[in-house]
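These notes are about the structure you will find just below.
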């Protein structure tokens, strides 16, 4: 799969709430109500990632913050798979936060 160009990435980001591009990944920080909510959210992301066979980098910090970083390692860039999973994660976050 061929990675998106920077212009394509910026166009796709307009469709996702609060995601950004750091030059290597599309990224977003979610703030949950508490620690257990953050862990539950991470577990929900794991289920989505396994179903999509597309696995993000995830960082839990500050007891209730979860950073999600997506890129397609096999393509060495950002692909439609990243945006599809990001949209599903956003949907999950609406019920988790």
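Go through (1) within 14 Å of the chain's Cα centre (by Cα); (2) exposed (fewer than 13 other Cβ atoms within 10 Å of the Cβ); (3) under 19 Å from residue 93 (Cα atoms) for residue 24 and report which single condition fails.
Condition not satisfied by residue 24: (3).
Considering each residue of the range 30-50, count those that are without any contact (Cβ under 8 Å) to a residue 40 or more places away in the chain and either in contact with a helix residue (DSSP H, G or I) (Cβ under 9 Å, 6 or more places away or on another chain) or exposed (fewer than 14 other Cβ atoms within 10 Å of the Cβ) (or both), and give that number.
The qualifying residues number 9.
Across the range 59-83, which residue is farthest from residue 4 (Cα to Cα) among those that are crowded, with 16+ Cβ neighbours inside 10 Å and over 13 Å from the mean Cα position of the chain (by Cα)?
The selected residue is 64.
Quick one: would you say residue 50 is touching a strand residue (DSSP E or B) at 6+ places or on another chain (Cβ under 9 Å) and either in a strand (DSSP E or B) or at pLDDT 95 or above (or both)?
No: the conditions fail for residue 50.
Exactly one condition in (1) surrounded by fewer than 20 Cβ atoms within 10 Å (Cβ to Cβ); (2) closer than 24 Å to residue 12 by Cα is false for residue 56; which is it?
Single failed check for residue 56: (1).
For the range 58-79, how many residues are part of a helix (DSSP H, G or I) and touching a residue at least 24 places away in the same chain (Cβ under 8 Å)?
The number of residues fulfilling the criteria is 2.
The values are calculated or read from the model by the stated rules, or taken from the named source; none is laboratory data. Computed from a predicted structure; not experimentally measured. All Cβ positions, glycine included, derive from the backbone under ideal geometry; neighbour counts span all protein chains shown.
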